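S.K.: Handing you this structure, nothing more for now.
The values are calculated or read from the model by the stated rules, or taken from the named source; none is laboratory data. Just so you know, these numbers come straight off a predicted model, no measurement behind them. Every residue, glycine as well, gets a Cβ built from its backbone with ideal geometry; the counts of neighbours run over all protein chains shown. Areas reflect the complete protein model, heavy atoms only, side chains present, ligands, DNA and RNA absent. Shrake-Rupley method; radii C 1.70, N 1.55, O 1.52, S 1.80 Å.
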Amino acid sequence: MKKRSALLWKRLLPRIIIILLGIAFLFCYFFTTIFSIKTYDLVGVDDIYKENLILTLQELSTRKILFFLPGNSIFTYHRTDIKNLIREVLPNTDTITIYPPTPQTLRITVTPYTPLFRKNDVQAISANGVVYKEIYDISTLPILITSTSTLPSPEVLQALFTLHTKISSALFPITEIYIDERGDAYLRSKQTKSEIRVASSSDASLVWSTIVSAIDTEPLKSKLQKEKLLYLDARFGNKVFYRFTNGTEKAIIGDDTTSYASSTRTNSTSTRSR
């Protein structure tokens, strides 16, 4: 009998312990504040938004989940509502990560979009091609205009951003980028009325290398210092066409040869003809 009782207790004891632990957890969960959220740690949020957000989060935590579960526990909190609130206050939010680093702290990490261009005065275009409302000043970003309703791929957007940055630094500030139905991009400067034409699908590094070689080659190098550039066309491999105001179009082929273009082109700065 003693042996049978010992075997029975050996089988029952783990179950009893599990049940007691479950009861203890439920008691702590429903009737104590051990797992209650006391601190909201907002990471990646400017101080000007933190105070109001925390107050709203605290108010939200007082609401029950499914009518009986506490909404202020690290195990049950209003995850979806918290994300919706963050995106409502910070519409430039890309990702939101929520987790409890301690039994009474809920950490909310907010990662904003990286704006590359602007669609208008309030909407920006992110690195992955998302159009969103930007809460910060984007007036210095070039406006991106497309001939279709579809935005270029993230790879093309990044290539155009790279070119815009380099051109703005070396030649003139780019304030507008227009992409036509063929995928040709026109990087324009409102200040100088000049533009750089590139194929948006081209490798940005190769295109920029070609442009650098062209602007460092005579007579273009000297003309850039004295005359007003109308456009520089880098859509044709290592052949770069250029034209100055009231001037004749010329082409630089390779690194050191200058010749007149063999084709006739329109004076328009936004289209090309063959």
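S.K.: Whole-Hz Karplus ³J(HN,Hα) for the range 49-60, in order, using 6.51 cos²θ - 1.76 cosθ + 1.60 and θ = phi - 60°, x for Gly and Pro?
M.R.: Karplus-based 3J(HN,Hα) across the range 49-60 equals 9, 5, 4, 5, 5, 4, 4, 5, 5, 5, 5, 4 Hz.
S.K.: Let me ask something else about it. Which distance in nm do the two modelled labels at THR33 and LYS83 give, with both placed 7 Å along the Cα-to-Cβ direction?
M.R.: 3.0 nm
S.K.: Non-local amide H neighbours of ILE74 (under 5 Å, H modeled in plane, Pro and chain starts lacking H): which ones?
M.R.: ILE37
S.K.: Could I ask something else about it? Non-local amide H neighbours of SER194 (under 5 Å, H modeled in plane, Pro and chain starts lacking H): which ones?
M.R.: Correct list: SER189.
S.K.: Kindly express, to the nearest 10 degrees and within the range 0 to 90, the angle between helix 204-215's C-alpha long axis and the longest C-alpha principal axis of the chain.
M.R.: Helix 204-215 and the main axis of the chain meet at about 30 degrees.
S.K.: Sticking with this structure for a sec: How much length is gained if the chain between ASN120 and GLN191 is pulled fully straight, taking 0.36 nm per residue apart and subtracting their Cα-Cα distance, in nm to one decimal? Kindly include the intermediate steps, with their values, before the conclusion.
M.R.: Numbers: separation 71, 0.36 × 71 = 25.56 nm, distance 1.84 nm.
Once the chain is fully extended between ASN120 and GLN191, it gains 23.7 nm.
S.K.: For the range 1-130, with every protein chain kept in place, what is the accessible area per residue (1.4 Å probe, Å²)? Numbers along the way, then the final one.
M.R.: On the way: 8650 Å² over 130 residues.
Each residue of the range 1-130 exposes 67 Å² on average to a 1.4 Å probe.
S.K.: Also, quick follow-up: Short version: ³J(HN,Hα) in whole Hz for each residue of the range 113-126, in order, from phi by Karplus 6.51 cos²θ - 1.76 cosθ + 1.60 (θ = phi - 60°), x for Gly and Pro, what are they?
M.R.: Taking θ as phi minus 60°, the curve returns 5, 9, x, 9, 9, 10, 8, 7, 6, 10, 9, 10, 10, 7 Hz for the range 113-126.
S.K.: Determine the gain in length on full extension of the stretch ILE19-ASP94; use 0.36 nm per residue of separation and subtract their C-alpha separation, reporting nm with one decimal.
M.R.: Values: separation 75, 0.36 × 75 = 27.00 nm, distance 4.28 nm.
Taking 0.36 nm per residue and subtracting the Cα distance, the gain is 22.7 nm.
S.K.: To continue, here is another question. When ligands, DNA and RNA are left out and all protein chains stay put, how many square angstrom of accessible area per residue does the range 147-186 have with a 1.4 Å probe? Can you show the working numbers first?
M.R.: Details: 1870 Å² over 40 residues.
Ligands and nucleic acids excluded, the result is 47 Å² per residue.
S.K.: Still on this structure: Within the chain, what whole-number % of the accessible surface is contributed by carbon and sulfur, with the 1.4 Å probe and all protein chains included in the calculation? Don't skip to the end; give the middle numbers.
M.R.: Numbers: 9050 of 16080 Å².
In the chain, the share of accessible area belonging to carbon and sulfur is 56 percent.
S.K.: If you line up the long axis of helix 2-31 against the longest principal axis of the chain, both from Cα atoms, how many degrees apart are they, to the nearest 10?
M.R.: Here the helix axis deviates by roughly 60 degrees.
S.K.: Quick one: if the Förster radius is 30 Å, what FRET efficiency do TYR49 and THR76 give, using the C-beta to C-beta distance and rounding to 0.05?
M.R.: The pair TYR49/THR76 has a calculated efficiency of 0.75.
S.K.: With a point put 7 Å past each Cα toward its Cβ, work out how far VAL131 is from GLU218 in nm, to one decimal.
M.R.: In this crude spin-label approximation the distance works out to 4.9 nm.
S.K.: Moving to a separate point now. Might you report the magnitude of the Cβ-based charge dipole of the chain about its Cα centre, with Lys and Arg at +1 and Asp and Glu at -1, to the nearest 20 debye?
M.R.: Roughly 1480 debye for the chain.
S.K.: Along the charge dipole of the range 17-89, pointing to its positive end and built from +1/-1 on Cβ of Lys, Arg, Asp and Glu, which listed residue (VAL43, THR62, ILE19) has its Cα farthest out?
M.R.: Of the candidates, ILE19 comes out farthest on the positive side.
S.K.: Scan around ILE174 for amide H atoms under 5 Å from its own, H built in the peptide plane at 1.01 Å from N, and keep only partners 5 or more places away or cross-chain.
M.R.: Amide H neighbours of ILE174: SER168.
S.K.: Mind listing the phi-derived Karplus ³J(HN,Hα) values for the range 225-239, rounded to whole Hz, using 6.51, -1.76 and 1.60 with θ = phi - 60°, and x for any glycine or proline?
M.R.: Using θ = phi - 60°, the values come out as 7, 10, 10, 9, 6, 8, 7, 10, 10, 10, 9, 10, x, 8, 9 Hz.
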